[in-house]
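The values are calculated or read from the model by the stated rules, or taken from the named source; none is laboratory data. Note that the structure is a prediction, hence the values are computed from the model and not measured. Cβ sites come from the backbone with ideal geometry, for glycine too, and all protein chains shown count toward neighbours.
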Amino acid sequence: MKQQIFCALLLAIGLTASVAQANLLVDGSFEAATGGGITSNSPWVLSANKPNNFDFSTQFQTAGFSSSDGLTGIWYKSFTGLGNGSNLTGDSILIQSVAAPQDGNYILTFDAAREANFLANEWYVAIVSNTPGGGLQDTVDLLTAPIPPGSFGSAVTPFALSLNGVQTGNTMSVFAVMTGGRNAGVNPQSAFLDNFNLTMVPEPTSLVLMGICGLGLLIRRR
């Protein structure tokens, strides 16, 4: 009986670790968003200009060419920028902020794809946190990152960013930014992001204890 109670406690710890692995972002795959525009219908906020006066430079798009799961993703239309040296280039920012549920380390994963002629001054994803001891940040430059160009369906690349030492209640913000998007004059020339997932990294001790307990119960039943 004592062993079973002890194991129950360890399993509870393990379940806490599992809960910590749940996605902290709401609608990380953008399935609630309205395709063809910038309305997210979720805590995501997408701001994008119309450099050609007609089309958003970045928008939610429901299509196989703009998502890694064949549903909805963030489509970067750099080609809407005039590309003639004017100031009318494509600029956008996507953001969602959440509060850290507990002290620990956090990891952000997402998918990115970039066609061969995508042209912009900046295209990056960052995660930042306002800790009392100063800000934490991790960033990836998606213009120089090793993303194989080609058809989107065969060129999706997963990425991971991390924040260590986040404290309970700290705000963590996920940003995706494009500046200076412009028409390269040759296709294909767009990009997309999809499947954002922000989770707390479980403590190794909790997982080990849960595994030991599970093994002990299995042996006892035999």
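Quick rundown of the values:
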| item | result |
| --- | --- |
| Count of residues meeting criterion [modelled with pLDDT of 95 or more and on the phi > 0 side of the Ramachandran plot] in segment 94-149 | 1 |
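Matching residues to (1) under 12 Å from the mean Cα position of the chain (by Cα); (2) surrounded by 14 or more Cβ atoms within 10 Å (Cβ to Cβ); (3) of a type in the set (Gly, Ala, Ser):
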{"site": "Pro158", "(1), (2), (3)": "yes, no, no"}
{"site": "Leu161", "(1), (2), (3)": "yes, yes, no"}
{"site": "Val166", "(1), (2), (3)": "no, yes, no"}
{"site": "Asn170", "(1), (2), (3)": "no, yes, no"}
{"site": "Val174", "(1), (2), (3)": "yes, yes, no"}
{"site": "Met178", "(1), (2), (3)": "no, yes, no"}
{"site": "Asn183", "(1), (2), (3)": "no, yes, no"}
{"site": "Phe192", "(1), (2), (3)": "yes, yes, no"}
{"site": "Phe196", "(1), (2), (3)": "yes, yes, no"}
